[in-house]
Structure formats: structure tokens, C-alpha cells
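These notes are about the structure you will find just below.
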Amino acid sequence: LNICDVVVSSSVREWLRSPAFDARQWEDEELLLMLQTMFVELELPHKFNIPLSTLRNFIYEVYNNYNEVPFHNFRHCFCVAQMMYAMVWAVNLVAKIGDLEVLVLIVSCICHDLDHPGYNNIYQINARTELALRYNDISPLENHHCSVAFRVLEAPECNILASLDLATYRTIREGIIRCILATDMARHNEILAQFTDIVSDFNYTSKSHINLLSMVLIKVADISNEARPMDVAEPWLDSLLQEFFKQSDAEKLEGLPVTPFMDRDKVTKPSSQCSFIGLVLLPLFEILGELFPELQELIVAPVRYALDYYRRLNEAAKDERHQ
Ligand SMILES: COc1ccc(NC(=O)[C@H](C)Nc2nc3c(cnn3-c3ccccc3C)c(=O)[nH]2)cc1
Ligand SMILES: [Zn+2]
């Protein structure tokens, strides 16, 4: 059976729009087909003259450029694209910011961690790696992810932007670069503060407002695991800590500074998740929920529940220690 002839059933297409979707239950080939389905359901091939064969080549080449690392692998990129897709439908984003911006968001999500080595920017900079050298310590990983994305697009058989006029291509390229570079967590507070300043009188005709909204949307999608059901979210946290611990082991071996929240001797899941969700995730989700009330129930409430869950775990762990 040719994978191109397999159609995704209407129930799966419905499921694909839900934060409860679990990428771990599907084979790689099925996830590739679902990424294609997201484009087709949003009518992006039609609106931007993308031949289905080019779309499939692009998705497959992106898939080939993710690494077998515990967390920042192809399935993470799928989760981020799928959460973005769920938000697009939940808030009717196309009607609010247009097809072009939604194309930028979906493509950015799919490409946002391309060729991630499993060692973050702090390691790249401290270890003076090739990437840190090439990008002068300025978001080395995110610059690399974005560069790899456009190198994939250079191949004619993968270039989903081939049929666009130059002005449109430049706008989309600028948007994808802005969104992928925004996923550097070192810029979290800067982006959150700027968006907080404009959210109460958000202006959909302002390019700078739309740009900030896109950056917040991809940031939300990127760190949104805890908005999913606990049995879907928990394995991702285990994979993340596995990747972080591999890094801190390497840092210890190489005599480099060890990042505190990555030190296996210091970090426990409940305590680190309580601070991450309470201090990083919930403020970001709540400010987006202010602009899009439809997201309150879809992703903000589940994150509050997750914080509650980890606080209870943390209390229980504390009680055990004091017994
Ligand atoms: C400001 O920069 C930061 C802030 C926090 C963290 N991470 C943490 O505090 C811990 C390890 N928890 C955590 N980190 C998470 C999650 C989802 N994505 N994510 C993550 C993954 C890679 C890089 C950065 C982050 C935040 C999550 O659910 N929990 C990592 C970087
Ligand atoms: Zn990511």
C-alpha cells in the first residue's frame, strides 16, 4: 500500500486538533502523514500552490534532519506543530491573522529544533563548540535550526515556497526566522514582557503586534507538554531530564560549569516542575489566554491542574523526608 494513498480517517483528523493527542502512539510514517494532513486541512497547499509531492519531500527531509536524542527529536517537533495546529483551530487563527502568518507558524514549528545535538546553548557557549564559534554565542542552536530549515528549502524538490513571488517569500522567510529565534528560552522574559505590554489593547492591524503574537504562540507550543494529559506529558519530562542529565554529566567530565536545574544530584521532578510551571509556563499561558479566552479551557486550565499535581507530589515528598 502506497503511503500516499492512505487517507487519515475523519476521527483521527478530529483527534489531531486536540491537545490530548499522543505522538508516542504512532509510527514515524504515520506522523509524517499527519503533518501533511495538517497542511491539507488548513488548505495551505491550495493557497500557496504547494504540490503535494513537494510537501511530502519537505516533511521527509525535515524528518531526516532531526537527531536521535532523548527529547529534541522529530517527535518533539511533531508535538510542537500539533499543539500549534490545535490552537489554530481553537481560536480560528486564520480569520484573525491570515493564511500567510499561519503558514509561517506551522513551518516554523516543524523546523524549530532541526539538527538539535541534545546539548543546549549554555553548553555550546561554555564548551566553545563549532556552533558557538559560528554564531558568536548569539542563540547558536536556534540560528542553526533556522539555517538548516532554509538549507532544506534550497533543494528544489523540497521547496514548498517555490511558487511564491519574491515579496511574499521574503515576508515568510523573515517570519520563520523571527519565530524560530524566539524559541531561545534566554529571551523568555524579554518576549513575555513585550507581549504583556500590548495584550490589553492588542491591534490586529499592527505588524509589530502580530509579530509578537507569533513569537508567543510558538513559545507556548514549544514548552506545552504540561498542557497535555499527565500520561502524555510525563514521559516527555523523563526524556527531557534524560537529555539534561546527559549534558550535566558531560559538563562534569569536561570541567565545565554545571547548569543547576540539570544536575541529577540536585533536581527532583516535582520540585523543578513546580518552579518551571509556576514561574515560566503559567504566566506565559495566562497572558495568551487573556487575548484568546478559547485557550483558557483548552490549555491554561490543564497547566494549572499540572501545577496542582506537582505541588501535591512535592508536599508528599516533603512529608516523607520529615517522617
Ligand atoms: C529560562 O530558561 C529555562 C527555564 C526552565 C528550564 N527548564 C526547567 O526548569 C525544567 C527542567 N523543566 C522543564 N523544562 C521544559 C519543559 C518543557 N520544555 N522545557 C524546556 C526544554 C528545553 C529547554 C527549555 C525548556 C523550558 C517542562 O515541562 N519542564 C529550562 C530553561
Ligand atoms: Zn523545541
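Assorted remarks:
- Equivalent ellipsoid semi-axes - Cα gyration tensor, region 177-323, angstrom: 30, 21, 12
- Alpha carbon Rg of the chain, scaled by the compact-globule rule 2.2 N^0.38 Å: 1.00
- Overall, the chain carries a charge dipole of about 420 debye about its Cα centre when +1 sits on the Cβ of Lys and Arg and -1 on the Cβ of Asp and Glu, all other atoms neutral.
- Over the Cα atoms of region 206-267, the radius of gyration divided by the Kirkwood radius equals 1.17; this is the Rg/Rh ratio.
- Selection from Met185, Met34, Gly118 lying farthest towards where the dipole of the chain points positive, charges on Cβ: Met185
- Degrees between helix 52-64 axis and first principal axis of the chain (Cα, 0 to 90, nearest 10): 20 degrees
- Distance distribution note for region 35-164: the fraction of Cα pairs above 26 angstrom is 26%.
- Taken over the C-alpha atoms, region 87-206 has Rg and Dmax values of 16.2, 46 angstrom.
- Viscosity 1.306 mPa s, temperature 10 °C, Stokes-Einstein D of region 92-136 from Kirkwood C-alpha radius, µm²/s: 124 µm²/s
- Under-16-angstrom lysine pairs by C-alpha in the chain, whenever the two are 8 or more apart or on separate chains: 6
- Net charge over other residues, Cβ less than 15 angstrom from the Cβ of Thr183 (K, R count +1; D, E count -1): -3
- Distance-filtered residues of region 43-76 - backbone nitrogen under 14 Å, label point 7 angstrom along Arg17 Cα→Cβ: 43
Read-outs: derived from the displayed coordinates by stated rules, not from any lab. Bear in mind the structure is a predicted one, so any value in this text is a computation, not a measurement. Quick reminder, even Gly has a Cβ in these numbers, built from the backbone with ideal geometry, and neighbours come from all protein chains shown.
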